[in-house]
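A.B. asks: The structure under discussion is supplied below as structure tokens; questions concerning it will follow.
The values are calculated or read from the model by the stated rules, or taken from the named source; none is laboratory data. These figures come from a predicted structure and were not determined experimentally. As a convention, Cβ positions derive from the backbone with ideal geometry for all residues, glycine included, and neighbour counts pool all protein chains shown. The accessibility values were calculated without ligands, DNA or RNA, using every heavy atom of the protein model including side chains. Shrake-Rupley method; radii C 1.70, N 1.55, O 1.52, S 1.80 Å.
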Amino acid sequence: VRPLNTKRCRSHNAKCNRRYCAPSSWRLVFSTLAMSYLSMLTSSFLPPSSPYHNIRPCDDAAATTRLLPWFSAHTSSPDTDDEEIAKTMTVPEPPPTSPAYSLYHLILQNRARRTNSGNGDEGSLYKNCKSIPLAGVYDALSAKIFAQNGAPALFLSGFGVSASLLGIPDAGMTNLVEMEMMTRNVCSVVRSRPAYGTVIKGNYHPLPIIADGDTGYGGAPNMLRTISALASAGAAAITIEDQQFPKKCTIAAGSKIQIVGREAAVQRVKGALGARDLYKERTAGGAGPWIVARTDCRMAYGFEEVLERCVRFEELGAEIIYAENLQSREEYEKLRSVLDCRTVTMIAQVQETMDAPWDIKQEVDRKPLLTVQEIGELGYDLALFGVTPLQCVVGALESTAKDFLRRSEHGAMVGTGIIGNGEESESSQRNIMADFSTVKRVVGFDELADFETKFPCT
């Protein structure tokens, strides 16, 4: 609003002969409404835990001042040039429409902290650097709980889906339809609230989900459908492994694991990459998932074969390299040293007992159980604990069932139906995580082993 003949009118670019310039007045009204709307929209994308969540439109000037620190913390790496940090990645930035976009920036930010923590020499490259923790969820509820508690990313575990959906062992008995359904459910629930995602360059992006693609469920046509189905369900990355079909949980199978030859493994990963590229061509914006090339060959062919396969996977262009069931800290260090330091890598571990982590220097015959910090200092980006949530659920349900259905010495049911009830009970114990051997028993690995012994069909 301009007083008469004091300044040139921005709408007319001439002196106005009216007391108030209508075009300028309407412009002011519309700009005020737009700022109020944008203020409310921005507030709705912030997590409820943020102190800036419920900002009123009338406070937009003060709100902008208060919002800047929050956006800075969630959209950029501290004291680091984005272009310089991007050089630490072998893969280019995915398009913003890709679910892998948020995973890329999550790893990029973590590497920025790694760069800032070191002093430039090779020995300090990974010093004081944590890896990104990945919990192995198995359904929409478990994913929602971890997302609510601030999980940066999640892994949809094939072992967990097989156990929770069907109550059977992870031995190739689940199919793509079931895995696609669970992937879609998990991706849907983490997208249901913007608080579960993150803000990158001023835009909201959902929590990244890495889906277990097993072996691709068959030959080339099956691989094409697997990648397309899980990608359309919303997966940010898909793991493809080198076991023979039907596959089996690597930790449970041990030395009896069945692995395809090296060239077959390479062709499988190559097929997954080709299927992903074809999906990108058919999708608007070129949005496609990353491929996680995984080898399970350690117990079948030895550690040297692990190195050979991982190097080949890296040469093919797989975005993430993942070796399962390595047996010592030295093996983790050796694998990381033979790969390009810019390659994204992942370690998976199973906490087989509730015992405290042991010192590998004292007990070299046992596998190490490394912390997120230790995994990061070895140079790995992602630390997967794929069965831990399921172990905790199995342990909690077993203790709850015993308490709920408690019987007397004579067999009479004496449970009150009220858990705890002020008394010492199974469910009131602090440590409720089941050993991995218990989980295997509950889902039926022992029964499956007996059946396979009696009927060794192929």
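A.B. asks: Among the residues of the range 179-197, count how many are under 15 Å from P99 (Cα atoms) and not polar (S, T, N, Q).
C.D. replies: Selection size over the range 179-197: 9.
A.B. asks: Here's a check for you: in the range 150-166, which residue that is on the phi < 0 side of the Ramachandran plot and within 14 Å of the chain's Cα centre (by Cα) is most open to solvent (accessible area, probe 1.4 Å)? Quick ask: steps written out before the conclusion?
C.D. replies: Taking the range 150-166 first, the residues on the phi < 0 side of the Ramachandran plot are 151-166.
Checking which are within 14 Å of the chain's Cα centre (by Cα) leaves us with 151-158.
Details: A151: 18, P152: 46, A153: 1, L154: 0, F155: 7, L156: 0, S157: 7, G158: 4 Å².
Among residues in the range 150-166 that are on the phi < 0 side of the Ramachandran plot and within 14 Å of the chain's Cα centre (by Cα), the one most open to solvent (accessible area, probe 1.4 Å) is P152.
A.B. asks: Answer yes or no as to whether E281 is modelled with pLDDT under 95, loosely packed, with under 15 Cβ neighbours inside 10 Å and in a helix (DSSP H, G or I). Working first, answer last.
C.D. replies: Working: modelled with pLDDT under 95: yes; loosely packed, with under 15 Cβ neighbours inside 10 Å: yes; in a helix (DSSP H, G or I): yes.
The answer is yes for E281.
A.B. asks: Identify all residues within the range 167-177 that are in a helix (DSSP H, G or I) and either on the phi > 0 side of the Ramachandran plot or open to solvent by less than 40 Å² (accessible area, probe 1.4 Å) (or both); write none if there are none. Talk me through it step by step, then tell me what you get.
C.D. replies: Within the range 167-177, the subset in a helix (DSSP H, G or I) is 176-177.
Scanning the range 167-177 gives a single hit, L176.
A.B. asks: Only one of these conditions is not met by E423: (1) of a type in the set (D, E); (2) modelled with pLDDT under 80; (3) open to solvent by less than 40 Å² (accessible area, probe 1.4 Å). Which number is it?
C.D. replies: It is condition (3) that E423 fails.
A.B. asks: Is the range 304-320 home to any residue that is surrounded by fewer than 24 Cβ atoms within 10 Å (Cβ to Cβ), part of a loop (DSSP other than H, G, I, E, B) and more than 21 Å from the chain's Cα centre (by Cα)?
C.D. replies: The answer is no; no qualifying residue exists.
A.B. asks: Scan the range 331-349 and report the pairs whose first residue is assigned to a loop (DSSP other than H, G, I, E, B) and whose second residue is buried (at least 21 other Cβ atoms within 10 Å of the Cβ) and polar (S, T, N, Q), with Cβ atoms within less than 8 Å and a gap of 6+ or a chain change.
C.D. replies: Close Cβ pairs satisfying both conditions: L339/T345.
A.B. asks: Hey, another quick one. Among the residues of the range 371-407 satisfying the criterion of being of a type in the set (A, V, I, L, M) and touching a Lys or Arg at 6+ places or on another chain (Cβ under 7 Å), which is least open to solvent (accessible area, probe 1.4 Å)? I'd like the intermediate steps shown before the answer.
C.D. replies: Just the residues of the range 371-407 that are of a type in the set (A, V, I, L, M), to begin with: 372, 375, 378, 382-384, 387, 390, 393-394, 396-397, 401, 405.
Those left that are additionally touching a Lys or Arg at 6+ places or on another chain (Cβ under 7 Å): 372, 378.
Values: V372: 38, L378: 15 Å².
Only one residue fits best here, namely L378.
A.B. asks: Still on this structure, I have one more. Quick one: which of E330, E319, E308, E324 is closer than 24 Å to I168 by Cα and acidic (D, E)?
C.D. replies: Working: E330 fails: closer than 24 Å to I168 by Cα; E319 fails: closer than 24 Å to I168 by Cα; E308 fails: closer than 24 Å to I168 by Cα.
Result of the check over E330, E319, E308, E324: E324.
A.B. asks: I've got another one for you. If I227 passes every condition in (1) open to solvent by 10 Å² or more (accessible area, probe 1.4 Å); (2) under 18 Å from K270 (Cβ atoms) but one, which one does it miss?
C.D. replies: (1)
A.B. asks: For the range 126-139, check the following and say yes or no: at least one residue is under 30 Å from A252 (Cα atoms), at pLDDT 95 or above and in a helix (DSSP H, G or I).
C.D. replies: no
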